[in-house]
Structures are given as C-alpha cells and as structure tokens.
Amino acid sequence: MDISQLDLSRLQFATTTIYHFLFVPITIGLAFLVAVLQTMWFRSQDPALRKLTRFFGRLLVINIAIGVVTGIVQEFEFGMNWSQYSRFVGDVFGAPLAMEGLGAFFLESTFLGLWLFGWDILPRRVHLATIWAVAFGAALSAGFIMAANSWMQHPVGYEINASTGRPELTSIGALFTNPVFVWGYAHVLLASLVTGTLLVLSVSAWQVRRGTSPEVFVRSMMLALALLLPVSAVTLGVGSHLGVIETTYQPMKVAAMEGQWDTCAPCSFSAAQVGGWTSDDQQATKIIEIPHLLSILATGSLDGQVVGLNELQAQYQQKYGPGDYIPNVFIQYWSMRVMAYLGSVLPLLGLWGLWLWRRHKLTSARLFLWVSTWAFLAPFAMNTAGWLLTENGRQPWVVQGLLRTKDGNSPSVSLAEVALSLGIFWVLYLALGAVWGFLMLRFARRPLDEDAEDPAAPDDPDSLFPRSPALTY
Amino acid sequence: MSLDVLWFIIIAVFWTGFFVLEGFDFGVGVLHQVVGRTDTERRVAINAIGPLWDGNEVWLIVGGAAIFAAFPSWYATWFSAGYLALMLVIVALILRGVSFEWRAKLDTDRWRGTWSWALTIGSLLTPLLLGVALGDLLAGLPIDSSQEFTGTFWDLLTPYGLWLGLTLLVLCASHGATFLGLRTTGPVVVRSRELARRLGVPTLVCVAVYAVWTVAISDAGAWRILAAAVPVVAAAAAVVLVRAERGGQAFAASALTVGGVVAALFANLYPAVLVSSTSAANTLTVADTAASHYALTVMTWVAVAVFPLVLLYQGWSYWVFRARISAPPDPAGDTGQLRPAGRRPRG
C-alpha cells in the first residue's frame, strides 16, 4: 500500500485532534464543577468545601496544562499541513478562530493565572469570580471553535467570489445561527459537563470506597449525582436531535452511520451487525433489529424516509462529478453506537445513584461505588467516538460540498516531513499522556489533608523553608 | 486607512506585544536555573511569571489566528513553508507549557530537574525559531507564482533570519533578567541584576547589527530608518539604566527594545507580508492576501469591542501580582507558600 503525504497529514490531524479533545471536555466540565464547589464554599464557609475545591482544582490544572498546549498545535496545523484549505476557507473560517483567541482564550488563561495565584491575594468574592471567568472562557472558546467546525459541516453565510473561486463571508450571524452549530455546540457543552461530572463522581467514589474522608467526598459525589441524570439525559436528547439536523444537511453522514445502503421508509435500527461495510459488501447480517427506530432517530417521525448510500452516491456523482462520496461506513456505524449505547447507560447510573442517595446508602453501596469509579472511562470513549462520527462522516469533503480533503493539503510539505512530525507527535503525546495519567491518578488518590504538597515525600532536612503548596510551581 | 492596512498594523501589534510580554517569561525560563541555585530559588524565579505567562502566550495565538483570518494566503504560505521549524516551535511550547503546571507536582530532584530543563529548552527554542521565521518574511523565501514555497528546510535558515532569532533570544534573556530584578528578592534578585548588567552590551550589539541589516535589505525611507533606530536607542538606554540600578526604567527600556525590534521588522516589511526570493512579482503583499472587506469589517468591530477589555483585565492581573516574590523562612506560615513579600493571606 502506498502511503501519501495526504494520508499522513490526515492521520496527524486525526491524532492531534482526538488527543486534544480528550482534555478539552474535562477542562470545560471540571472548571464548571470546581466553580460550583467554590461557590458552595463561599456561601457556607465550610472548610470541607474549600478542601474539595482545591482538590479538584489541582486535577483541573494538571489537565488544563496539556489541553492548552495541544490546542496550539491545532491552530498551527491548519497552515502547516493544510495550506490549500487555509487559503480557501480563511475568509470565513478564520474569523471565528480569531474571535476565539480574542474573546475567549485571553479570558480563560488570564483568569486561570489569577485564580491559581490569587488564593491569598484577592478578596474572596473576586477570587470566586476568577474561577467562573475561567469556566466561562473555556465554554466560550469551544463555542467559537464549534462555529468554525460547523461551517465545514454545513457551510452558510458565504458567497463564492467569482474571480478567486473562494468563499467569502457575507453574514457572520449565519455562522452562529447555523443549526448544525446550535445543536452541535449544545451537545459538546453538555457532553463536557457529563465528562466533568463523571470524573468528579469517579474520584469521589474511589475515595469513599477507600474510606478517606468519606463524609467530605460524599458531598462532591452528591454534587456529581445531582447533575448526572439531568445532564446526561439532556445530552442524549440533544445528540439525537443533532442526528435529525444532520440528516437534513449531511444525509450521507447519517446513512453511513446506519450502514444503510438502500433507501427505506420506515427504517429499522440495527443494534449490531456483521459485514455491510463497503459498496462491494453491502449485505449485512443484522443481529438485533428494532422496527421504526432508525426513522425516529434520523427524521423524528415514525415512518420517516432515510435515503440510502447508493442513492446518495448517485446524486452526488451527478452533482459533483465522478468520485466516491461514501465515508468509511465501519467507523461511522460503530462510533455512533459507542456513543449511543454508553450515552443511554449513563442516565441509568445517575438514577441508581439518586435512588441510593434517597435511601442514605451512598457510602455503603459497594457495587455502585465500584461501577462509578470505572465510569470515568466512558466519556473518553464517547467523546472520541463523537469526534470520529462528525469528522469521518464529512469525508471525502473537508468543507462539505465545497472542498475535498485531498485538495486541502500543503503541496510544499513533503511526505518525509509529515512522517517525521507524525513520529514526533506520537512519541511526545505518548510520553505526555503517560505523565498526565500518572499525575491524575496520583492526585486523584491522595487523601484530603489540608494543602500539604505530598505527604509521602520526605522533608528536605537542609531546608528552613516549609514545603510549598501544590498550586505553585 | 483601509482595513487591510489596519489589520496589518493590528497583527504587528500582536506580535510586538507577544515578544514584549512573553519575552520576559522566555527569558526567565532560560535563566531560572542560572539565577536560582536551589529548588526554592528557582521557584521564586518561576513564580514571578507564574500567573502571567499563559495570558502572555495568547498574544501569539491571536497573532497567528489574526493572520489566518485577515490574510489567509499569508498564513497558508508562511506556515506551510516553515513546516519543520514550526514543528519545533510546537514541541518547545508544549514542553514549556506543561513544565509550568507539572513541575511542582512531585517532590524529587529528578522530576523537578527534568521539568526545569524542559522549561529552559522550550523557552530558548521558541524565540530563536520564531525570530528566524519572522526574519524570513523580510529576507525572502523561495515562493513561486502560485504562492507556494519551493525550497527546503535549509532555505529557512536565512542569515538575516538567524540573526533576528539570535537577537530575540539574547533580548529575551536580558529582558527576563531585568524583569526578575524588579520582581524578586534575596539571592535571585542579586544574580538577576548582575546578569542584566552583563547582558546589556551584547544585547546592544545584536540590536544595532539587526537595525543596520534591516535598513540595508529593505527600501530605506526616513521613517523606516527611524523605526529601526528606536530599538538601538532603547537598548543603549537599557544599558545605562541597568547600571544606574533604576529597575523600573530599565525594564521599560528593555520592553521598548524588544517591541522596537519586532515593530521595526513589520515597518520595514510593509506593504509586503512575505518577500519572494524567487521573483519580486511573487512577493505576497497586504493587498493581495487580504480577506474580504466584510470579513475584515466584522473582525474590526470585534477587536474594537473586545481588545480594550482584554488589555484592562490583563493589566489588572499584572497589578494584582505586582509585589516582589520572596521565599522567606516562615515557620509560622501554615502553607509556606512562596507569597509576595509583605502580604498576609486573607482567605
């Protein structure tokens, strides 16, 4: 098999994006939860809540560090690996990107510094406001990025300039009222909240199970549980409505995620299938089929029609000329199911927790605590699957209907250069991931004793200075 | 003034602001192992920039994104041409960024030493490489008529670009030393001031050569020569002020030097944005790489509305952390935090 520069550039972009998006949802979600914890502490003055704020704040910081630096990579890569794309879309795509920096990233990073170092300096009320600014900035940042991304899914608010052949922005408002953006952004924000919530639930459950300050960690667990059921249920709902939106604007994406080769009405949903992944192998062995469900998911109506891949391929060929317009069906099919199946289980976990809470059994339900501890893995799988579903489903387009991925890469960059950079990314990201995992585990499992840096490490006998706190460098 | 010229100026302001602000924290990153012999001293140095570096780095992010948005073809050509160099910048920025947050998380010499080196190397490589990349804009790269780079990695190493990289690295170091002279106490401040004194003359030499070189390779006009002269005068003033131990004024002079060097580049570049060494006809200019009028209008409104606010809160964060960082023996302290001298915790 011949590997081209384009293949490696795609692999590199996928690697760096998916990696970046492991940390972004934690940052957004956890920043919000830490802000809530600090607000609760501010109101009640209860020292236990201050400890919890600092405990989860540390996890947030470990995570923000890697989230921010991997985000810089994304901005650079557009120009580095995708120069033809950047040249083509800059007029439209660049605007939300620049706004992200100006309007959101400045906010997040400046106030993160104020929050981290302001504990003993700022008045408490002002210090509380800084963590809210961080949380708000992180969420806002995702908004601008999603507006840019949604434009690639469903281009709006532009006109093709006749002399350059490139799209030019005609309505910035259209970018932010794009239905794919509105529902996609809501979905990402909610999914991030679910991620943050599950992380807090998981860490708290582990701590409660270990019996380290269970009376304190049960409170963060209760906060997480109060959010989990409503937030995960709404995420599921918004996600499924996003499916309906995408059926309208990107029918190919939806047909591929169902492995639906032939047009159907009403359509049944297959829970799992073997085969049926390529146009040469369209016959799938469906394991369980649920009548009407696909029609409901894709169109919102019981007997709605879902246009199949074959018919769409024919339509696209007529419209855009010869070519293969079908994305990788296997990836689409399974990433959608990973997301949907785990997404359906999470509200049940929330329900279970609320039921135990009501019966005052939260700290003694071993099985629930065990399941909750491991539940943190779910959002990673779901967020990655969601990203694959969205981006793979748009192929072969980089901007739906306007620019093909193969026409977007950088002609001046050689195969060897991309191979080298990809190798560097893999080594670097593996190493960073290992350190990140090590630090997260270490700090998530530490007992909750004041602000001591590291009780396990010995004091430096030569030092007159007391150990420094964890929140400074 | 037309909007594309305005955005060229805005971009120049972002890059200038980036080097003025992040310049001193690059310098602190490079020097923290020199001015700090013990872990605590090193942390005094790092904590002096701790709350500020992240906000400073956003100037680069916005400087890059603004080029993407306002001059898409400039962004596309420049970033894809500098592929390997920018890859190294990314690695450097990653190492630097995580080292700040992760260094204190374990209390062993090996862990802290490793992250200290990550910080040093990251802080050293970034201004050097970005300096080369900026210098290449004016020195010229092989660009063909379809705006694509036709050279190899070695073509990026233009003598002028390398000199600007070196100049910015030395400048960042002396800017950082001057900053630490203002913001720390104890042995760190003594060593920082000594370093700032020693770096003064080499900095002045670098800047002077850069200024002459810049004027030599661009179409000299009175205001271009003036733009190139500003950092030379500022660097000379910094030498005098550092020796006179006027910390605040010395820092202002070194800030003006760094800013002047970057601003002089943009002043001498205009109306080009990326010179083609292949043919003058292939040179990318402000006019022919600019985004549409509507896109620039929208961004202008956003910048007018948001940027003053950014300056306000970023300025406030500098005000909040204005006190010197010290590490006094403080047996009564409950947390032993490296806190600004003369302040008591309130919460």
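Data for the structure
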quantity: Any chance B:LEU119 is touching a helix residue (DSSP H, G or I) at 6+ places or on another chain (Cβ under 6 Å), part of a helix (DSSP H, G or I) and open to solvent by 20 Å² or more (accessible area, probe 1.4 Å); calculated: no
quantity: Candidates B:SER276, B:SER218, filtered to the one that is crowded, with 19+ Cβ neighbours inside 10 Å, at pLDDT below 90 and within 29 Å of B:PHE71 (Cβ to Cβ); calculated: B:SER218
quantity: Residue, farthest from the other protein chains (Cβ to nearest Cβ), within segment B:75-100, restricted to residues that are open to solvent by less than 10 Å² (accessible area, probe 1.4 Å) and farther than 20 Å from A:SER414 by Cα; calculated: B:ALA92
quantity: Helices (runs of 4 or more DSSP H) within segment B:1-90 that include 1 or more residues modelled with pLDDT under 95 and farther than 24 Å from A:SER141 by Cα; calculated: B:3-35, B:39-49, B:72-81
quantity: Residue among B:LEU284, B:LEU265 that alone is open to solvent by less than 10 Å² (accessible area, probe 1.4 Å) and either under 30 Å from A:GLU159 (Cβ atoms) or not aliphatic (A, V, I, L, M) (or both); calculated: B:LEU284
quantity: Some residue of segment A:255-268 being under 22 Å from A:ARG394 (Cα atoms), part of a helix (DSSP H, G or I) and among the charged types (D, E, K, R); calculated: no
quantity: Single unsatisfied condition, B:ALA229 versus (1) surrounded by 18 or more Cβ atoms within 10 Å (Cβ to Cβ); (2) farther than 14 Å from B:HIS175 by Cα; (3) within 20 Å of the chain's Cα centre (by Cα); calculated: (1)
quantity: Condition met for A:GLY353 (open to solvent by 10 Å² or more (accessible area, probe 1.4 Å) and away from chain B (no Cβ under 14 Å)); calculated: no
quantity: Qualifying residue in segment A:5-27 (condition: open to solvent by less than 40 Å² (accessible area, probe 1.4 Å) and under 29 Å from A:GLU215 (Cβ atoms)); calculated: yes
quantity: Within segment A:75-91, considering residues that are open to solvent by less than 10 Å² (accessible area, probe 1.4 Å) and more than 7 Å from chain B (Cβ to nearest Cβ), the one nearest to the chain's Cα centre (by Cα); calculated: A:GLU77
quantity: All positions within segment B:167-191 that are open to solvent by less than 10 Å² (accessible area, probe 1.4 Å) and not in a helix (DSSP H, G or I); calculated: B:THR184
quantity: Answer from A:ASP449, A:ASP407 - the residue that is modelled with pLDDT of 90 or more, open to solvent by 20 Å² or more (accessible area, probe 1.4 Å) and within 14 Å of chain B (Cβ to nearest Cβ); calculated: A:ASP407
quantity: Qualifying position, being within 14 Å of another protein chain (Cβ to nearest Cβ), in contact (Cβ under 8 Å) with a residue 24 or more places away in the chain, assigned to a helix (DSSP H, G or I) and within 24 Å of the chain's Cα centre (by Cα), among A:PHE176, A:PHE181; calculated: A:PHE176
quantity: Qualifying residue in segment A:35-45 (condition: part of a helix (DSSP H, G or I), away from every other protein chain (no Cβ under 13 Å) and of a type in the set (Lys, Arg)); calculated: yes
quantity: Yes/no for A:PHE136 being within 19 Å of A:GLY29 (Cβ to Cβ) and surrounded by 22 or more Cβ atoms within 10 Å (Cβ to Cβ); calculated: no
quantity: For B:PHE68: the one exception among (1) facing chain A (nearest Cβ under 10 Å); (2) under 17 Å from the mean Cα position of the chain (by Cα); calculated: (2)
quantity: Residue match in segment B:240-262 (condition: on the phi > 0 side of the Ramachandran plot and open to solvent by 10 Å² or more (accessible area, probe 1.4 Å)); calculated: yes
quantity: Single residue of B:LEU134, B:LEU128, B:LEU141, B:LEU164 found to be within 14 Å of another protein chain (Cβ to nearest Cβ), of a type in the set (A, V, I, L, M) and either surrounded by 22 or more Cβ atoms within 10 Å (Cβ to Cβ) or over 20 Å from the mean Cα position of the chain (by Cα) (or both); calculated: B:LEU141
quantity: Residue in segment A:317-326 that is open to solvent by 50 Å² or more (accessible area, probe 1.4 Å) and not in a helix (DSSP H, G or I) present; calculated: yes
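The values are calculated or read from the model by the stated rules, or taken from the named source; none is laboratory data. Just so you know, these numbers come straight off a predicted model, no measurement behind them. Note: ideal-geometry Cβ built from the backbone for every residue, glycine included; neighbour counts use all protein chains shown. Heavy atoms of the whole protein, side chains included, go into the accessibility calculation; ligands, DNA and RNA do not. Shrake-Rupley method; radii C 1.70, N 1.55, O 1.52, S 1.80 Å.
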